[in-house]
Amino acid sequence: MSSGKEILGNDSPGDQLRSASRNEFVEKSGETWTALKSLTAARIALGRSGASQPTSAMLSFQLDHSRARDAIHSSMDATGLQEDLQKIGLHCLKLSSEAGHRSLYLKRPDLGRKLNDASKQSLKDHLELEKAPNDSGFRFDIVFVIADGLSARAVQNHSVSFIAAFQNLLQNEKKDLRIGPVCIVEQGRVAIGDPVGEILNSALVAVLIGERPGLSSPDSMGLYMTYAPRSGTTDERRNCISNIRPEGLQIQDAVRRFIYLATQSMNRALSGVFLKDDSGPTLDTSTSNE
């Protein structure tokens with residue numbers, strides 16, 4: 001007769017089946033997470049070492065956190081941007097907000113929304129050299145503003161490419177728009193485009209700005225478009241195209257969305273919550289067999 005210990009030590013057929021099912025489930029779950037991890041930069045399927053994360057995952061987190069902090073505190077090379085824009089035939093103005101340095105900019109968001117007096121005068125001086133307003137009453141159709149925002153790296157890497165792609169697409173589609181000077185604003189936030197567009201009397205202002213960096217996206221650029229910008233404009237009157245970068249929304253796709261929204265905005269004389277992006281997704285047919 002078998003002892004109780006021997007009986008407890010022998011797995012029944014049901015126990016063996018349940019154990020095999022658990023092992024199969026764990027194995028398939030691991031394969032699923034590995035497949036999902038290959039599709040995103042999000043922090044998933046990090047693994048574990050005992051009750052903690054593996055050393056590699058912890059070091060990766062610390063590196064990404066450092067990159068995000070660097071993006072927030074980094075400075076924009078306004079002179080370099082100006083030179084790159086001049087190479088593609090654009091006139092630029094270098095401006096500044098009332099936040100005189102980065103530390104003040106981070107502590108006082110309100111100052112990053114206002115131009116300093118010297119910048120206001122620079123815009124007024126430039127306006128005197130421009131032609132009279134067109135039939136719509138505006139001197140320009142679109143004015144681009146490049147602001148460092150919370151990631152100078154984003155606009156340093158992507159803003160010139162965006163504007164160059166915009167120029168090329170306008171030329172290909174034979175759209176005749178009057179583009180104002182590109183205004184490069186140091187220590188600027190989204191609303192800095194309002195006084196710029198107001199002084200230059202532009203139908204639209206498009207602010208290219210570094211977005212708040214995430215742990216996997218320290219160089220994400222956003223575009224904020226406002227019709228008939230005026231100081232004090234509130235955010236519901238803006239349209240946003242976000243996450244413009246190679247790993248996010250491709251520049252060509254972002255340019256197409258912007259041209260669609262800008263055309264609709266000027267035709268309907270509005271922007272913001274009443275203007276929707278109904279352009280639909282663009283399909284890459286370059287590899288089609290048809």
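The values are calculated or read from the model by the stated rules, or taken from the named source; none is laboratory data. All values derive from a computational prediction rather than experimental measurement. Using ideal geometry, Cβ is built from the backbone for each residue, glycine included, and neighbour counts are taken over all protein chains shown. Only protein heavy atoms, including side chains, enter the accessible area calculation; ligands, DNA and RNA are left aside. Shrake-Rupley method; radii C 1.70, N 1.55, O 1.52, S 1.80 Å.
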TODO: Report the far tail of the P(r) of segment 239-281, meaning the percent of Cα-Cα pairs longer than 11 Å.
DONE: 64 percent
- [ ] With a 1.4 Å probe and every protein chain kept in, tell me what percent of the accessible surface of segment 166-290 is carbon plus sulfur.
- [x] 45 percent
Task: Kirkwood Rh and Cα Rg combined as Rg over Rh, evaluated for the chain - done: 1.20
Task: segment 108-165, accessible surface, carbon-and-sulfur percent (1.4 angstrom probe) - done: 47 percent
Open item on the list: I'd like to check one number: the per residue accessible area of the chain, probe 1.4 Å, reported in Å² as a whole number.
Closed with: 57 Å²
Task: Neighbour-limited loop hits for GluC sites (Glu not before Pro), segment 130-194 (at most 12 other Cβ within 10 Å; DSSP other than H, G, I, E, B) - done: Glu173
Task: Within-9-Å neighbourhood charge of Arg230 [Cβ basis; K, R +1; D, E -1] - done: -2
Task: J(HN,Hα) series, segment 174-180, from Karplus relation 6.51 cos²θ - 1.76 cosθ + 1.60, nearest Hz, glycine and proline x - done: 6, 8, 9, 10, 8, 9, x
Task: Alpha-carbon gyration tensor eigenvalues x 5, square-rooted, for segment 57-199, Å - done: 30, 20, 12
Open item on the list: Skipping prolines and chain starts, which residues have an amide H placed within reach, meaning under 5 Å, of the one on Leu93, given they are 5 or more residues away or on another chain?
Closed with: Val182, Cys183, Ile184
Task: J(HN,Hα) series, segment 108-114, from Karplus relation 6.51 cos²θ - 1.76 cosθ + 1.60, nearest Hz, glycine and proline x - done: 10, x, 4, 6, x, 9, 10
- [ ] Could you sort 155-161, 106-112, 214-220 so that the peptide with the highest average Cβ count within 10 Å comes first and the rest follow in order?
- [x] 155-161, 214-220, 106-112
- [ ] Grab the DSSP H runs of the chain that are 4 residues or longer, score each as -39,500 (n - 2.57), total them, divide by all residues and round the 222 nm result to the nearest 500 deg cm²/dmol.
- [x] -13500 deg cm²/dmol
- [ ] Decide, for segment 137-183, between rounded, prolate and oblate: order the square roots of the alpha carbon gyration tensor eigenvalues as a ≥ b ≥ c, take rounded if a/c falls under 1.5, and otherwise choose prolate if a/b is larger than b/c, else oblate.
- [x] oblate
- [ ] Averaging sequence separations of C-alpha pairs under 8 Å and six or more residues apart, then dividing by the length of the chain, give the relative contact order as a whole percent.
- [x] 17 percent
- [ ] Compare the peptides 48-59, 254-265 by average per-residue count of other Cβ atoms within 10 angstrom and give them in order, highest first.
- [x] 254-265, 48-59
Open item on the list: P(r) for segment 212-276, please, calculated from all Cα pair distances in 5 Å bins and given in %.
Closed with: 4, 17, 25, 20, 16, 13, 5, 1
